[in-house]
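To keep things clear, I will list the structure first and then write my remarks on it.
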Amino acid sequence: MSEICNNNLINPDWAKHGYIQVYTGDGKGKTTASLGLAMRALGRCWKVLIVMFTKGGNDYGELISFRNLSPEIAKNLTIVQAGLDRIVYEQNKNADDEAEIKKGWELAKKVIKNDEYNLVILDEANIAIDLGLIELQDMLNVLKNKPEEMEIVLTGRNARQEIIDIAHLVSEIKPVKHYWDTGIAARKGIEY
């Protein structure tokens, strides 16, 4: 089988302009939407970085899937987990959370500045901003100065109005009905 992502298949005009996308709201599917976008971009030979803020550990179905991509596709994907293996809330955040998120954010800023990827997904960045673990003004400066052709996606609840104002695409995912409300716990393969 020939290599999927060779120079003959990559359209040199893959994008004239990259945009800022935000997936926010209290409904399920923000990360899922961004990871679907990552798969689409990888299928078009884009270089993709996913930084997962507030998410550590290995018990995520998407991580298992990404680890098993074909070598031709996987070479264009980098995933960085910038969080501990727990859910972070205002009441339980600590210095270890801050250190992990800061490492991930510093790496993201560096690769954005150096124009190293076509698509950068900052998963749960809105949560990290809301918790004060990423400074809003720092994020705004990075987004306003991103390379022109780079696409950047921020996910997470509570997107700040300032982020929404500079974004080009904002999807608010609202819960209409969820089986969690009936006491059904998170399920492997669906929620994680």
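The values are calculated or read from the model by the stated rules, or taken from the named source; none is laboratory data. Not measured: the values here are computed from a predicted model. Here Cβ is always computed from backbone atoms with ideal geometry, including for glycine, and neighbour counts include all displayed protein chains.
The residues in segment 69-94 that are more than 18 Å from the chain's Cα centre (by Cα), exposed (fewer than 13 other Cβ atoms within 10 Å of the Cβ) and more than 30 Å from R44 (Cα to Cα) can be counted, and the count is 5.
Could you tell me which residue of segment 175-192 is surrounded by the fewest Cβ atoms within 10 Å (Cβ to Cβ), considering only residues that are in contact (Cβ under 8 Å) with a residue 12 or more places away in the chain and more than 15 Å from G25 (Cα to Cα)?
If we filter segment 175-192 for residues that are in contact (Cβ under 8 Å) with a residue 12 or more places away in the chain, which is where we start, we get 175-176, 178, 188-189, 191-192.
Filter once more, so that each one left must be more than 15 Å from G25 (Cα to Cα): 188-189, 191-192.
Working: K188: 9, G189: 7, E191: 13, Y192: 14.
Ranking the candidates gives G189 first.
Scan V120, V80 and give me the residue that is modelled with pLDDT of 95 or more, within 16 Å of I20 (Cβ to Cβ) and of a type in the set (V, I, T). So that I can check it myself, show each step before the final result.
Numbers: V80 fails: within 16 Å of I20 (Cβ to Cβ).
That would be V120, the only listed residue that is modelled with pLDDT of 95 or more, within 16 Å of I20 (Cβ to Cβ) and of a type in the set (V, I, T).
Considering every residue within segment 7-19, establish whether at least one is modelled with pLDDT of 90 or more and not basic (K, R). Yes, there is a match, as at least one residue in segment 7-19 is modelled with pLDDT of 90 or more and not basic (K, R).
Counting only helices (runs of 4 or more DSSP H) wholly contained in segment 95-174, the ones carrying 2 or more residues that are of a type in the set (K, R) and exposed (fewer than 13 other Cβ atoms within 10 Å of the Cβ) occupy 95-113. Looking only at segment 95-111, residues that are within 12 Å of L131 (Cβ to Cβ) and over 16 Å from the mean Cα position of the chain (by Cα) come to 2 in all.
Tell me which residues, restricted to segment 35-65, are of a type in the set (S, T, Y) and free of Cβ contacts under 8 Å to residues at least 12 places away in the same chain. Walk me through how you get there before you give the answer.
Within segment 35-65, the subset of a type in the set (S, T, Y) is 54, 60, 65.
If the condition is that a residue be of a type in the set (S, T, Y) and free of Cβ contacts under 8 Å to residues at least 12 places away in the same chain, then S65 is the only one that fits.
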